[in-house]
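Take a look at the structure set out below.
The values are calculated or read from the model by the stated rules, or taken from the named source; none is laboratory data. As the structure is a computational prediction, the values presented were derived from the model and not from experiment. Here the Cβ is made from the backbone with ideal geometry for all residues, glycine too, and neighbour counts use every protein chain on show. To get the accessible areas, we keep the full protein, side chains included, count just its heavy atoms, and leave off ligands, DNA and RNA. Shrake-Rupley method; radii C 1.70, N 1.55, O 1.52, S 1.80 Å.
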Amino acid sequence: MKNVKILGSGCKRCMDTAEMARSTAERLGITITLEKVTDYAQIASFGIAATPGVVVDGKVVHAGGLPRVEDMEKWLVDA
Amino acid sequence: MSLSAPAPRRDLPSVLLLAGLVVALVLWWLVYGQLQGAARWLVAVLPVANGSHMQEALQFFFYDVPKVLMLLVLVVFAMGVVRSFFSPVKTRSLLSGRREGLGNILAAGLGVFTPFCSCSAVPLFVGFVSAGVPLGVTFSFLIAAPMVNEVALGLLLVLVGWRVALTYLAFGLALAIVAGWIIGRLHLEHWLEDWVRQVRAAPADLAPEEMTLHQRLQAGATAVKDIVGRVWLWIILGIAVGALIHGFVPADLLAAILGRGAWWSVPVAVSLGVPMYSNAAGIIPVVEALLGKGAALGTVLAFMMSVIALSLPELIILRKVLSLRLIAVFVGVVASGIIAVGFLFNALFT
């Protein structure tokens, strides 16, 4: 089971990203655990400089801006 | 459980994309040319007295709303494409370990092009500082990014003129460079919140994205949807205020308050502008109307800069990483800089 973390302080785009991860996983029939990281110190510890960030199984795959759906699919399938 | 593979990306050939872009630009130009006539026609049809204040206000409103929106779409699209070549991560690696001086100049310049949203200000700030970007250099970036942006410059260029737009660009950058440099010289690192100084993260290792032309144009379209979707209401509000000023505020009253004769108007405009928050897109129609009524350029631009560069919501967000004292220094340095720019403008443009 994949662990997906969405890094972001709760801005609109961060919530959209979390929602995208959830709906994409559901559509592809993949079970994931979705975690929202909103604490600034924790977000910073991933070494990103822009939010929302996406972390799949401990690896940062995206930082800054709403990701593309195709990319989200790719991360969930083979990351 | 079925697992459908991700759809392969279909990119249109570049030739087709460029042709489409040219067609769209020509259409844009044709429509844009008709706006003034259309506004005049619309106002003539409406039941308002010829030559009345109301008519002038409506004329301003109906001409400016579509004009500003169309310009905004064009500018934001172009800038969205340009910005797809930049990212905060790239900017950070360009800035980390830079010495002050050159670092401040680079940071202010990159601030214009790096995608930035104020909700991202804290992660960006911490991300920069923890990766070894000097504090003053980080501030140069943080000052330039919201203030000198494509929306402000594009609208100034078309609504007010290229000389003013260019001067705004030059003084905006100079302000970001000098203010950041001063903050750096003061060595205030110990005024950061404790947790910020403890974060020492290795920069995330993200594969650099190679984008096709198709994807870059898509980035432009996304920027339009995102930014225009967010600011259109501000623009209409700003134009409505501008229209009221244009139609109803007597020129001699405004000139007395905001004119070049009143030296105190610059600091007053700045202290009014700091707590206010508006998007650049909302404030420029007001700027246009004020200038048309004889307000002094320096005073109006100082007001505009203080509204855009310093805002209460942003300061509240930054409070999470900066101590109150550091915020006070930040506001003090930037506000003084804006006041200086205002006086300088008033002296230069007579």
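Of note:
- Evaluation of B:Val199 against (1) in contact with a Ser or Thr (Cβ under 7 Å, 6 or more places away or on another chain); (2) at pLDDT 80 or above (one fails), failing number: (2)
- Sole residue being modelled with pLDDT of 80 or more, surrounded by fewer than 16 Cβ atoms within 10 Å (Cβ to Cβ) and assigned to a helix (DSSP H, G or I), chosen from B:Ala243, B:Ala221: B:Ala221
- For segment B:271-281, a residue qualifies if it is surrounded by 24 or more Cβ atoms within 10 Å (Cβ to Cβ) and touching a Phe, Trp or Tyr at 6+ places or on another chain (Cβ under 8 Å), and exactly one does: B:Ala281.
- Selection of segment B:294-350 for residues being hydrophobic (A, V, I, L, M, F, W, C), open to solvent by 40 Å² or more (accessible area, probe 1.4 Å) and assigned to a loop (DSSP other than H, G, I, E, B) yields only B:Phe349.
- B:Asn104 being within 30 Å of B:Leu74 (Cβ to Cβ) and more than 10 Å from chain A (Cβ to nearest Cβ): no
- Residue match in segment B:130-145 (condition: within 11 Å of chain A (Cβ to nearest Cβ) and open to solvent by 30 Å² or more (accessible area, probe 1.4 Å)): no
- Residue in segment A:16-25 that is open to solvent by 10 Å² or more (accessible area, probe 1.4 Å), modelled with pLDDT under 85 and either within 11 Å of chain B (Cβ to nearest Cβ) or in contact with a helix residue (DSSP H, G or I) (Cβ under 6 Å, 6 or more places away or on another chain) (or both) present: no
- Single condition B:Ala57 does not satisfy, out of (1) among the small types (Gly, Ala, Ser); (2) in contact (Cβ under 8 Å) with a residue 40 or more places away in the chain; (3) closer than 30 Å to B:Val137 by Cα: (3)
- Of all residues in segment A:54-79 being at pLDDT 85 or above and touching a Gly at 6+ places or on another chain (Cβ under 7 Å), the one that is farthest from B:His214 (Cα to Cα): A:Val60
- Failed item in (1) farther than 23 Å from B:Ile317 by Cβ; (2) open to solvent by less than 10 Å² (accessible area, probe 1.4 Å); (3) more than 8 Å from chain B (Cβ to nearest Cβ), with A:Asp78 passing the rest: (2)
- In segment A:31-75, of all residues being in a helix (DSSP H, G or I) and more than 7 Å from chain B (Cβ to nearest Cβ), the one that is most open to solvent (accessible area, probe 1.4 Å) corresponds to A:Gln42.
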